[in-house]
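Presented below is the structure to which this report refers.
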Amino acid sequence: MRKEAMNTRTAWVSLAAVMMLALSACTATGETATGDTVEQPATSGGAIELAVSESCEQGSSDDCIALVGSFIVLPTDFERAEIASAEAIESDDSASPGVAVTFTNDGAAVLESLSATAASASSRLVVKVSEEIISAPMVAEPLTGNYLRIVLSPETGLDADEVVALIQAG
């Protein structure tokens, strides 16, 4: 029952979440009622979970789940990547909100290690926040550094502030 509920919930979030991962040192800004731009404070601490997964064909196994128009094998082992801070941001095109994540040194090591594994195997890097798989991008090369920018597609229905709150609770 739990696996079925997770697959159903994951599939809903997965179909809604089209995310792009890019390394970036980000600053969050907001706009006041008068149109002035102001700094938004970063949320401290938290974590995301990362895993490597393969693509699969729909219906090929019980562990094959829908994710943003494709299918992945649901990973059984996730590694926790500690976050120093996370903040909601506007994307460069202002159409898609996102989250700027700063990893701790240990969290950055997890990101680099798993993204290197995914890149060498032409696999996907699965990103889980709380109990929700929110993204599984293909990784062309290892992601290095302590900064990660997660851009939420307009179709996601996910609010960047909600994702930040889930990361902080992680």
Original post:
How many of the residues making up the range 112-163 are aliphatic (A, V, I, L, M), open to solvent by 10 Å² or more (accessible area, probe 1.4 Å) and at pLDDT 90 or above?
Top reply: 8
Original post:
Can you pull out the residues in the range 44-66 that are of a type in the set (Ser, Thr, Tyr) and more than 20 Å from PRO142 (Cβ to Cβ)?
Top reply: SER44, SER60, SER61
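Sort out for me the strands (runs of 3 or more DSSP E) sitting completely within the range 105-170 that have 1 or more residues that are out of contact with any strand residue (DSSP E or B) (no Cβ under 9 Å at 6 or more places or on another chain) and acidic (Asp, Glu). Give the derivation first.
Values: elements: 124-129, 132-135, 147-152.
Strands (runs of 3 or more DSSP E) meeting the threshold: 132-135.
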Original post:
Which of the following residues is in contact with a Ser or Thr (Cβ under 7 Å, 6 or more places away or on another chain) and in contact (Cβ under 8 Å) with a residue 40 or more places away in the chain: LEU148, LEU111, LEU158, LEU125?
Top reply: LEU125
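Inside the range 128-141, can you point out the residues that are closer than 18 Å to GLU54 by Cβ and touching a residue at least 24 places away in the same chain (Cβ under 8 Å)? I'd like the intermediate steps shown before the answer.
First, pick out the residues of the range 128-141 that are closer than 18 Å to GLU54 by Cβ: 128, 133, 135-140.
Of everything in the range 128-141, those that are closer than 18 Å to GLU54 by Cβ and touching a residue at least 24 places away in the same chain (Cβ under 8 Å) turn out to be LYS128, ILE133, SER135, ALA136, PRO137, VAL139.
The values are calculated or read from the model by the stated rules, or taken from the named source; none is laboratory data. Not measured: the values here are computed from a predicted model. No Cβ is skipped: glycine too gets one built from the backbone with ideal geometry, and neighbour counts run over all protein chains shown. These area figures cover heavy atoms from the full protein model, side chains too; ligands, DNA and RNA do not enter into them. Shrake-Rupley method; radii C 1.70, N 1.55, O 1.52, S 1.80 Å.
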